[in-house]
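Asker: Below is the structure I would like to discuss, written out as structure tokens.
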Amino acid sequence: MHRECVCYSNLNTKPAVHGKTTLADCLISSNGIISSRLAGKLRYLDSREDEQIRGITMKSSAISLHFVKGDQEYLINLIDSPGHVDFSSEVSTAVRLCDGCIIVVDAVEGVCPQTQAVLRQAWLENIRPVLVINKIDRLIVELKLTPQEAYLHLKNILEQSKGKKPLFVQLVLDNIWSLYEAVMKRDKEKIEKIVTSLGLKIGARESRHADPKVHLNAICSQWLPISDAVLSMVCNKLPSPLDITAERVEKLMCVGARTFDSLPPETQELKSAFMKCSSEETAPVIVFVSKMFAVDAKALPHNKPKPLTQEEIAHRRELAKRRHAEKLAANQAKEMSEKTPSENSSEVTENTGDTKGEEQQITGQAETVTSKAMKQEADNKESFIAFARVFSGVARRGQKIFVLGPKYDPAESLHKLSSQSSATNDMPSVPHMSCCTLENLYLLMGRELEDLEEVPAGNVLGIGGLQDFVLKSATLSTSPACPPFTPLNFEATPIVRVAVEPKHPSDMPQLVRGMKLLNQADPCVQVLIQETGEHVLVTAGEVHLQRCLDDLKERFAKVQISVSAPIIPFRETITRPPKVDMVNEEIGKQQKVAVIHQAKEEQNKVPEGIQVDSDGLVTISTPNKQATLSVRAVPLPEEVTRLLEENSDLIRTMEQLNTSLNEDKKNHEINQKTLDRIKEFKQKLEQNLQGRKWRNAVDQIWSFGPRKCGPNILLYNFEGYKRSVWQCLGNTVKEVSKYRDFDNSIVSGFQLATLSGPMCEEPLMGVCFTVEKWEMNKVGEMLSTGSQDSGECDAIEHKQNEDTALTSSCTDEVCSANEHQDSSQSVPKSPEKISKHKEVLLADCYGPFSGQLIATMKEACRYALQAKPQRLMAAMYTCEIMATAEVLGRVYAVLSKREGRVLQEEMKEGTDVFIIKAVLPVAESFGFADEIRKRTSGLASPQLVFSHWEIISSDPFWVPTTEEEYLHFGEKADSENQARKYMNAVRKRKGLYVEEKIVEHAEKQRTLSKNK
């Protein structure tokens, strides 16, 4: 029988103290793999050097353990995963392969945010958790609690983890406290009585040791061995692979909005293979790869030196004896030749022989150098191993198998292949499916890999040779009817960006190759190439970033690299006009300063041809004057913005469903749960968008953006048009108006505008754009209803895939050239047709009409945004710090220095430790953890988790406009403006124009008094 379990833990505040990896060491020592004395010190599953140095786990490691309980034997596949928030993606990859999980909680620190995140991941994957409360001795030794106080403390932890144990004090805690009290007080009689009654044998060395903890450890390790307790609990409480639930199977097989009933019959039949977890020959092989990890090629079993057999040792001994005898004979011959003069012929012969010997020696040396170079190259090479689990069938070495991508659809492939087709090289081409061979199978034993010939269902394994077929995760199967598994749920949000480049430009190919390998080896990292040509790494946090840079330099690229300062993400938004000015005076009642007010107006000056009303309505026409748009921008309520952010995946699903409806594809049955979620989402929007200005707003939602799933909304509020994002709910309307062919251009312009705002080209957030007028003259209507439908649709689709709008100017010479060319190639036409053709040419000389609409809509949105008070939004971390009263002041000093804001401070019950909860801008977080540790001498350590986006209250474009502001801030108003500082830093990085003066009215400073 098998049990798959994953070991979780919260992050300890003291880096030198370990919980879950120490527990894993104890479990490993029970199998004799390591000594029990080294358990907790060796940290066997922390195989990386930086893991040992930092004292934290950075990657998931697996090991197989054997456990005997009664007459039943168990194989337990244990995966030790990180507790640090930066590496929570490693937890996500481990959870998918498991049937249960062990939650390790510190008895003093209790349930922390990371523990709650782990419980949430376990719930999402439908796996059963069990709880291990670790370090109970801290309650006795450090906190000095009585058994009753400890019970209340542990009861609180159990309630946080949803569990209770009555009579806990009498049955458990009293006995433990009695033992600790006897040993700490050196009560020999009581100790001897306890040891005798328990039937233990304690050595004299441990009994006489000066440190009582050594004596306690010796007694407890025999009385209550943790390996027996934990492994027994795993076997009793956690399900085996045979007990997988139907709900979990259906959840794994149904991607997106699909229901299990809508899958092809051949696919539905595979459910029984999952449930049986069969290892029969006829069972289809189904394997899920959760991540790829890199190992040194020399660490692979076939590259390791193998022990010699007795025959090989005897053969080598004979060769050594023969060489020694030949060497002695050669030396004797040389001595004889020196004593007795030889003939010329013999000298020639000897010389020839020496020459041949030299040639052989040179050849041998060359072969040795070549073999050493090849061996060194093989040693430096990184090999990728797939971290996987067999859900059905038996995986065998050399087996041919299908690799199914995330977009693979078995319904489409079964038209080309039968469900009984096998993976061969000559099979027909099927989208998102390839064929590979399982070259090597490995048993994962922590730092070691062991070769396997086959692996039955229910086991975790490593697979070699998939690096060219799998990027990060994939589904493998021998049946083309198998669907790809649902994507993994990642708790961590990659937020920290840096640009990297090689110190020597000639090393760029190695850097590009290294970044590709890093992208494959890390499940959370993102590798991007920006429009500027920069190579960017996106990571989950500062520690994760440092690990990725170390791997890039030392393992994958092996070149010296230069790293930019962290690229901080911001968002742009608008707010309601403020009611008071910067000196808290009510706006509208102060005396204006004319000169400064005039400078403010010059900043907001708009070009000719664009009308901006007093209430912010922007009216703009296309370059060929065939269409006019009126757009208004208003801020969304915070609740709506948050709702859009939380439901981005649901909005993406809605977009996919609407696209299939618009293209009249045979739509698959929509999951009822998904429909219910969409209806609930719409109801929540209606509840939060109430009032006169939001009347019918939800039904008029045209699109979301950017990327059609972002936290911004586009509304239509003009007559003659009806199209909604709620088509998937049955609100399908066949649009036959004059706008039908160009509405996608308006949406594309909105997407481009929300992707890069006017302040510093950062994405927008929390903005609603309303198109209040869209007028098209006769030529525009003719373009939409004429014979150019197909061409314009192609242009629209092309524009939707571009990141920038194309607006091309046209000269009279180009127009006349086009007319001359067309008139020379066409047959004579009637005057009406000629005039109509000229008007079409007028539209074409400015570029495709769809492109003009895209560019015009983008500009309209930007000017509508600039007509309202603009603000930057900063990414915020929630910060939880545990510190004692002595260092609270220093913690607050560091937080205030870095623009942090304390939300809550409370004392941990029964301890002298304070828990501080605060928010901190991501832009100010770099080096924060190190500074906290230095200022508090290691007594406080923060945990940073990305939380939300927050508006920076200061106006980046603010200048004094009233008499009071002029007197308070001065004529230049050059005091620190946080928003302007951030905005200018981003503009500089992107190469945009920054309006700033380096020196103004330079004056030499003089001291008023002489130096003493």
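Asker: Just one of (1) of a type outside the set (Ser, Thr, Tyr); (2) assigned to a loop (DSSP other than H, G, I, E, B); (3) open to solvent by 50 Å² or more (accessible area, probe 1.4 Å) trips up residue 53, so point out which.
Answerer: (2)
Asker: Quick one: is residue 93 modelled with pLDDT of 85 or more and surrounded by 16 or more Cβ atoms within 10 Å (Cβ to Cβ)?
Answerer: Answer is yes for this residue.
Asker: Is there a residue being open to solvent by 80 Å² or more (accessible area, probe 1.4 Å) and at pLDDT below 85 anywhere in region 709-729?
Answerer: So far as region 709-729 goes, yes, one or more of its residues are open to solvent by 80 Å² or more (accessible area, probe 1.4 Å) and at pLDDT below 85.
Asker: So if I check each of 272, 262, 278, 227, which one is assigned by the TED database to the domain that holds residue 473 and within 29 Å of residue 449 (Cβ to Cβ)?
Answerer: Going through 272, 262, 278, 227 in turn, just one is assigned by the TED database to the domain that holds residue 473 and within 29 Å of residue 449 (Cβ to Cβ): 278.
Asker: Filter region 115-135 for residues that are in a loop (DSSP other than H, G, I, E, B) and crowded, with 17+ Cβ neighbours inside 10 Å and give the result.
Answerer: 125, 127, 135
Asker: Of all the residues that make up region 755-789, how many are touching a Cys at 6+ places or on another chain (Cβ under 7 Å) and at pLDDT below 90?
Answerer: Here the count works out to 0.
Asker: Could you check region 590-702 for helices (runs of 4 or more DSSP H) lying wholly inside it with 3 or more residues that are basic (Lys, Arg) and either surrounded by 15 or more Cβ atoms within 10 Å (Cβ to Cβ) or modelled with pLDDT of 75 or more (or both)?
Answerer: Helices (runs of 4 or more DSSP H) meeting the threshold: 672-688.
Asker: Another question, if that's okay. Could you count how many residues in region 862-902 are over 23 Å from residue 937 (Cβ atoms), over 27 Å from the mean Cα position of the chain (by Cα) and assigned to a strand (DSSP E or B)?
Answerer: 2
Asker: Which number in (1) at pLDDT below 85; (2) open to solvent by less than 30 Å² (accessible area, probe 1.4 Å) marks the one condition that residue 18 misses?
Answerer: (2)
Conditions tested, residue by residue: (1) aromatic (Phe, Trp, Tyr); (2) not in a loop (DSSP other than H, G, I, E, B).
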site	(1), (2)
458	no, no
461	no, yes
468	no, no
475	no, yes
487	no, no
490	yes, no
493	no, no
497	no, yes
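Asker: Mind checking whether some residue in region 881-895 is surrounded by 15 or more Cβ atoms within 10 Å (Cβ to Cβ) and charged (D, E, K, R)?
Answerer: Yes - at least one qualifying residue is present in region 881-895.
Asker: I've got another one for you. Can you name the residue in region 924-943 that is aliphatic (A, V, I, L, M) and buried (at least 21 other Cβ atoms within 10 Å of the Cβ) and is also nearest to residue 83 (Cα to Cα) among such residues?
Answerer: Among residues in region 924-943 that are aliphatic (A, V, I, L, M) and buried (at least 21 other Cβ atoms within 10 Å of the Cβ), the one nearest to residue 83 (Cα to Cα) is 940.
Asker: Give me the pairs: first residue in region 33-53 and at pLDDT below 85, second residue aromatic (Phe, Trp, Tyr), beta-carbon distance under 9 Å, and six or more apart or on different chains, which are they?
Answerer: 38/44
Asker: Taking the stated definitions as given, is residue 306 charged (D, E, K, R) and at pLDDT 80 or above?
Answerer: Criteria not met by residue 306.
Asker: Now for a different question. Would you mind telling me which numbered condition in (1) within 21 Å of residue 85 (Cα to Cα); (2) open to solvent by 50 Å² or more (accessible area, probe 1.4 Å); (3) part of a strand (DSSP E or B) residue 905 fails?
Answerer: (1)
The values are calculated or read from the model by the stated rules, or taken from the named source; none is laboratory data. These figures come from a predicted structure and were not determined experimentally. So basically every Cβ, Gly included, is an ideal-geometry build from the backbone, and we count neighbours across all protein chains shown. When the accessible area is computed, the model is the full protein with side chains, heavy atoms only, and any ligands, DNA or RNA have been set aside. Shrake-Rupley method; radii C 1.70, N 1.55, O 1.52, S 1.80 Å.
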